[in-house]
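We did not get these values from a lab; they are worked out from the coordinates using the rules stated. Just so it is clear, the model here is predicted, and its values are computed rather than measured. Here the Cβ positions follow ideal geometry from the backbone for every residue, glycine too, while neighbour counts run over all protein chains shown.
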């Protein structure tokens, strides 16, 4: 099963609050879990990524929490700002026939109210 | 380093026509992947090329094809366009190490509208 399930579809958070987006996967062959941020009219840009040998990775206001046994991972945005308003995609990557394949969640449209 | 570039940025075609989209990867990157993004289906993998060889293909009809040149630039072609092909087509490049997954960097995409 190569699906990645992402929730919620949309999220509204007040400025300064914590935004949390969750993802779940089934295939244990996935070995790399990036998060992408996409603004309207732009391509997805890598935000932060994690490998399953660690449970948490933090970069500035962005943190990935990873639960290997539950096959779940989440993105936390601390002190959310209006400039964080964008669509966020989680993804999971694996090697098939020597080539990397990236499977995306359905996306979360995040709105930060000022 | 310059990022991934895609041309053209916008394209309008009519049903039945064919279209070719171009992607120039980040310098030194040899792997190029293509994705289709639509509001209903999200981001879906089309195919991946490495050293001019297609290594992986998603679940798309044969009307979708691609190729990669010796300088790693890639093109994708869609023949006999259908209304449902209207989408943002994204190209991503990476510098894969053998057997190890790595970061893919995306271009701005080509917005294709089929009338």
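Here are some notes:
- Inter-part distance where region A:1-73 and region B:45-89 are each reduced to a Cα centre, Å: 27
- In terms of surrounding Cβ atoms within a 10 Å radius of their Cβ, B:30, B:63 rank from fewest to most as B:63, B:30.
- Listing A:76, B:29 from fewest to most neighbouring C-beta atoms within 10 Å gives A:76, B:29.
- Across region B:3-115, the relative contact order, built from alpha-carbon pairs under 8 Å that are at least six residues apart, equals 37 percent.
- Residue B:86/residue A:20 FRET efficiency (R0 30 Å; Cβ-Cβ; nearest 0.05): 0.35
- Per-residue shielding of B:41-50, expressed as the average number of other chain Cβ atoms within 10 Å of the residue Cβ, stands at 4.
- From least to most packed, judged by other beta carbons within 10 angstrom and beginning with the fewest, B:47, B:69 follow the order B:69, B:47.
- Cβ neighbours within 10 Å from other chains - mean over A:101-109: 4
- Computed log₁₀ I(q)/I(0) - Debye formula, equal Cα scatterers, no solvent, the protein assembly as shown, q 0.08, 0.17 Å⁻¹: -0.29, -1.25
- Per-residue average of Cβ from other chains inside 10 Å of B:51-60: 2
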